[in-house]
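**Student:** Pasting a structure below so you can have a look.
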Amino acid sequence: MNPSNQPISGNDLARFSGPNTFMRLPHAGDLSGLDVAILGIPLDIGTSCRSGTRFGPKQVRSESAMLRPYNLATGAAPFDSLQVADIGDLAINTFSLSKSLSIIKDSYDAILKHDVTPLAIGGDHSITLPILRAMARQHGPLALIHIDAHADVNDEMFGERETHGTVFRRAYEEELINPYKTYQIGLRGTGYGADDFTEAAAWGFQQFPAHELWHRSLAALGAGIRTDIGDAPVYLTYDIDSLDPAYAPGTGTPEIGGLTTPQAMELLRAFKGLNIVGADLVEVSPPYDTSGNTALTGANILFEILSVLPGVAYR
Ligand code: MN
Ligand code: MN
């Protein structure tokens, strides 16, 4: 296979120029023939504190112009073997969270009619619930790798059951995920009580709090998760606030004592061989990202995820 879609090279067109697609890949309106569809979900009305993630897709795409198509450390060359395009943003309703979540679900139902792996750029974490609703309809209950400072398992927030902090309780209740193959990595910070975390552990979620990961390589943890999941279809959701705010300050609910970027890369690289059927990168909030480094880091994390998708060629 020799996919035709390639990012525009920085040697052909200056990096500060060109289309604002992910890595300056071609834009596609038609999904047929695509292996991977990258899309933006510019939503921030599911967030509980600082907003701004509506600007995430645009800024992550902008910073992704720095990326080159070959992963020097791993040898992955995703565009050698996968046909990848940016399919643009979903037309969410910025005045209605519930309508926006329905739009996301319906859009994913349409996307998944094609044999394509969707990679979403959020958006706050509320986008992941309708994505999982569509993905589970396709695949059944999914294994879930959830990298985040927060477990996002509140029952409700201000009486609302669908917010960025309630996603994985709803996913558990609706049987969208297999709780025994759900892994939450990077949890930390202050809570309202011990059961903020322990309740989900009782459902079967496997939780790896950040303080147990400090000063450690995450390669072994990643390999253990890969073995534990086996061939099951897996959805990967990456909340940028899993990283320490030193690396990723531009986010809505930062927590100190988080993962380092090398730890995140070790973890993601260990997922090579998993049957990843979809992924997202959420909670990048450009108004709080004065250096642009959070969006740049988010773009790199998406490239690392792309690099471990099934079928990726290695040089
Ligand atoms: Mn989250
Ligand atoms: Mn979070």
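The values are calculated or read from the model by the stated rules, or taken from the named source; none is laboratory data. Source: prediction; values computed, not measured. Quick reminder, even Gly has a Cβ in these numbers, built from the backbone with ideal geometry, and neighbours come from all protein chains shown. Accessible surface areas use protein heavy atoms only, side chains included; no ligands, DNA or RNA. Shrake-Rupley method; radii C 1.70, N 1.55, O 1.52, S 1.80 Å.
**Student:** In terms of modelled amide H atoms, which long-range or inter-chain residues lie less than 5 Å from the amide H of Val282?
**Tutor:** Placed amide hydrogens put Gly122, Tyr238, Asp239, Ile240 under 5 Å from Val282.
**Student:** Here's another thing I want to ask about it. When only DSSP loop residues count, what chymotrypsin sites (Phe, Trp or Tyr not before Pro) in the range 170-260 have their Cβ near at most 14 other Cβ atoms within 10 Å?
**Tutor:** Tyr192, Trp214
**Student:** If you don't mind, there's one more thing I want to ask. Using Cα positions and a limit of under 28 Å, work out the lysines in reach of Lys99, with same-chain residues fewer than 8 apart set aside.
**Tutor:** Hits, sequence-local ones excluded: Lys58, Lys113.
**Student:** Quick check on packing: order 13-21, 43-51, 96-104, 128-136 by the mean number of other C-beta atoms within 10 Å, highest mean leading.
**Tutor:** Descending packing order for the listed peptides: 128-136, 43-51, 96-104, 13-21.
**Student:** At 0.36 nm per residue, minus the direct Cα-Cα distance, what do Arg161 and Ala201 gain on full extension? Give it in nm, one decimal, please.
**Tutor:** Stretched fully, the Arg161-Ala201 segment lengthens by 12.4 nm.
**Student:** Rounded to the nearest 500, what is the 222 nm mean residue ellipticity of the chain from helices alone, with -39500 (n - 2.57) per DSSP H run of 4+ residues and division by all residues?
**Tutor:** So the calculated ellipticity at 222 nm is -8500 deg cm²/dmol.
**Student:** Farthest toward the dipole's positive end in the chain, which of Ile87, Val167, Ala210, given Cβ charges of +1 (Lys, Arg) and -1 (Asp, Glu) about the Cα centre?
**Tutor:** Ile87
**Student:** Given N residues in the range 22-314, what is its alpha carbon radius of gyration divided by 2.2 N^0.38 Å?
**Tutor:** That ratio works out to 0.90.
**Student:** With everything on Cα atoms, drop me the angle between helix 219-229 and the longest principal axis of the chain, reported from 0 to 90° to the nearest 10.
**Tutor:** 80
**Student:** Another question about this same structure. Would you mind working out the accessible area per residue for the chain, using a 1.4 Å probe, and quoting it in Å²?
**Tutor:** Per residue, the chain has an accessible area of 40 Å².
**Student:** Roughly how far apart, in whole Å, are the Cα centres of the range 197-236 and the range 7-64?
**Tutor:** Value for the Cα centre distance between the two parts: 28 Å.
**Student:** Treat the range 255-315 as a sphere of radius equal to its Kirkwood radius over Cα pairs and apply Stokes-Einstein at 20 °C in a medium of 1.002 mPa s; give the translational diffusion coefficient in µm²/s, rounded to a whole number.
**Tutor:** 165
**Student:** With axes computed from alpha carbons, what is the tilt in degrees of helix 128-139 against the longest principal axis of the chain, rounded to the nearest 10 within 0 to 90?
**Tutor:** For 128-139 against the chain, the angle is about 70 degrees.
**Student:** Taking 0.36 nm per intervening residue step and subtracting the Cα-Cα distance, what contour gain separates Tyr314 from Ser4 on full extension? Working shown, then result.
**Tutor:** On the way: separation 310, 0.36 × 310 = 111.60 nm, distance 1.74 nm.
The Tyr314-Ser4 span can extend by a further 109.9 nm.
**Student:** Relative to the longest principal Cα axis of the chain, at what angle does helix 97-111 sit, 0 to 90 degrees, rounded to 10?
**Tutor:** Roughly 50 degrees, rounded to the nearest 10.
**Student:** What distance in nm lies between label points placed 7 Å from Cα along the C-beta direction at Ala194 and Ile256?
**Tutor:** About 2.5 nm, to one decimal.
**Student:** Pull out the extension gain between Asp12 and Ala91, defined as 0.36 nm times the separation in residues minus the alpha carbon to alpha carbon distance; nm, one decimal. Could the numbers behind the result be given before it?
**Tutor:** Values: separation 79, 0.36 × 79 = 28.44 nm, distance 3.19 nm.
Extra length from Asp12 to Ala91 when fully extended: 25.3 nm.
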